Amino acid sequence: MTGPRVLFIGGSGIISSACAALALERGLELTVLNRGESRTRPLPDGARVLRADVRDPAAVSAALGGEEFDVVVDFVAFTPDHVRADVERFAGRVGQYVFISSASAYQTPPARLPVTESTPLRNPAWRYSRDKIACEDVLVAAYRDTGFPATVVRPSHTYDRTLVPFDGGWTVLDRMRRGAEVLVHGDGTSLWTLTHHTDFARGFVPLLGHPRTVGEAFHITSDDVLTWDQIAHALAAAAGVEARIVHVPSDAVAAADPEWGAGLLGDKAHSMVFDTTKLRRVVPGFTATVPFEQGAREIVAWHDEDPARRVVDGRLDAVMDRLVAAHRP
């Protein structure tokens, strides 16, 4: 007997790749709708793959035909129009629709910690987060008005071996290895939650088809809370060097680089610690087991395997040079 029939829209991302692997391991009948094959995160054996660009309604209709699924998960919906298209497409032919939102949708900065699922949604600083909130609003209305079986899942900062959790990616590790100073926003003591993608999957897959999840929202995060200085030092240790940190106010970063600043002021500049009690009520065995020190070693090892992965952003590197010089003690 197979498990629920599940459709993943997107399956090669940081989050979706781990979820696809665990879904198959746990016996779910998985179909993945993907535009193309990822070399970095190939789909696991056992997944049925349909090729279509999800933004092309005719292509999606041709790929899916009249199929029905127990669960549909959209990992690549970012705007209300994306979600409206899903509601129209799957109404009446799915038992549960799961939208991947973002924990950055929560009130920023939070009025109190830890953050729970009842924390208000409001983020005036970051368009990405406001769009995710608007997506959730579409689903809340659809659930209330027609009973559309929506579940909202809010990841926080989830990473795999390919993702350096600092803005600029490998540029920051490159600076560490050549002895340059690295920029840490604020005073380096704000608290941040990093979640390994395999830990996220362990919380996520049991929600699929679960009868207590429709109409509900859950965040899935680790309990591994570090300061940004600790994150920098863990990466440096994995890279075999020491981090020479210079603290720069987030406002100064935003003035020098508005796009980088939006992600700080709308997310990373604020302490974010999460209460996962609600998740554990429906997934009682959920425990995050990968500390960031282990994750940092995976990140460095993966980048060191192939020089082509060690990409330095020259423009951002120069911005970092200017900010570090201006704020060096």
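The values are calculated or read from the model by the stated rules, or taken from the named source; none is laboratory data. Only a predicted model underlies this, so the values are computations on that prediction, with no experimental measurement involved. Here the Cβ is made from the backbone with ideal geometry for all residues, glycine too, and neighbour counts use every protein chain on show.
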Would you please name the residue that is surrounded by the most Cβ atoms within 10 Å (Cβ to Cβ), looking only at residues in region 176-185 that are in contact with a Lys or Arg (Cβ under 9 Å, 6 or more places away or on another chain) and of a type outside the set (A, V, I, L, M, F, W, C)? H185
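Take the residues in region 39-52 that are part of a loop (DSSP other than H, G, I, E, B) and more than 21 Å from the chain's Cα centre (by Cα); name whichever of them is surrounded by the most Cβ atoms within 10 Å (Cβ to Cβ). Can you show your working first?
First, the residues of region 39-52 that are part of a loop (DSSP other than H, G, I, E, B): 39-47, 52.
Filter once more, so that each one left must be more than 21 Å from the chain's Cα centre (by Cα): 45-47, 52.
Values: D45: 7, G46: 13, A47: 20, A52: 18.
Taking the candidates together, the pick is A47.
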Of all residues in region 158-197, how many are of a type in the set (S, T, N, Q) and more than 12 Å from the chain's Cα centre (by Cα)? 4
Working only within region 113-160, note down all residues that are modelled with pLDDT under 95 and out of contact with any helix residue (DSSP H, G or I) (no Cβ under 8 Å at 6 or more places or on another chain). none
Would you mind stating whether T108 is within 19 Å of the chain's Cα centre (by Cα) and assigned to a loop (DSSP other than H, G, I, E, B)? yes
Residues (in contact with a Phe, Trp or Tyr (Cβ under 9 Å, 6 or more places away or on another chain) and small (G, A, S)) located in region 25-79: A47, A77
For region 244-287, which positions are among the small types (G, A, S) and either outside any loop (DSSP other than H, G, I, E, B) or surrounded by fewer than 20 Cβ atoms within 10 Å (Cβ to Cβ) (or both)? S250, A252, A254, A255, A256, G261, A262, G263, G266, S271, G285
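Each row is one residue, and each column tells you yes or no for (1) of a type outside the set (G, A, S); (2) at pLDDT below 95; (3) over 25 Å from A18 (Cα atoms).
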| residue | (1), (2), (3) |
| --- | --- |
| R39 | yes, yes, no |
| D45 | yes, yes, no |
| V49 | yes, yes, no |
| G66 | no, yes, yes |
| V71 | yes, no, no |
| F75 | yes, no, no |
| A85 | no, no, yes |
| S101 | no, no, no |
| Y106 | yes, no, no |
Does T158 satisfy being farther than 23 Å from D257 by Cβ and in contact with a strand residue (DSSP E or B) (Cβ under 7 Å, 6 or more places away or on another chain)? yes
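I want to confirm something. Restricting to region 102-123 and keeping residues that are without any contact (Cβ under 8 Å) to a residue 40 or more places away in the chain and charged (D, E, K, R), which single residue is surrounded by the fewest Cβ atoms within 10 Å (Cβ to Cβ)? Lay out the reasoning, then the answer.
Let us first name the residues in region 102-123 that are without any contact (Cβ under 8 Å) to a residue 40 or more places away in the chain, namely 107, 111-112, 118-122.
Filter once more, keeping what is charged (D, E, K, R): 112, 122.
Working: R112: 8, R122: 14.
Filtering region 102-123 for residues that are without any contact (Cβ under 8 Å) to a residue 40 or more places away in the chain and charged (D, E, K, R), the one surrounded by the fewest Cβ atoms within 10 Å (Cβ to Cβ) comes out as R112.
From T213, T277, which residue is in contact (Cβ under 8 Å) with a residue 12 or more places away in the chain and out of contact with any strand residue (DSSP E or B) (no Cβ under 9 Å at 6 or more places or on another chain)? If you could, list the steps in order and put the result at the bottom.
Values: T213 fails: out of contact with any strand residue (DSSP E or B) (no Cβ under 9 Å at 6 or more places or on another chain).
Result: T277 is the single residue among T213, T277 that is in contact (Cβ under 8 Å) with a residue 12 or more places away in the chain and out of contact with any strand residue (DSSP E or B) (no Cβ under 9 Å at 6 or more places or on another chain).
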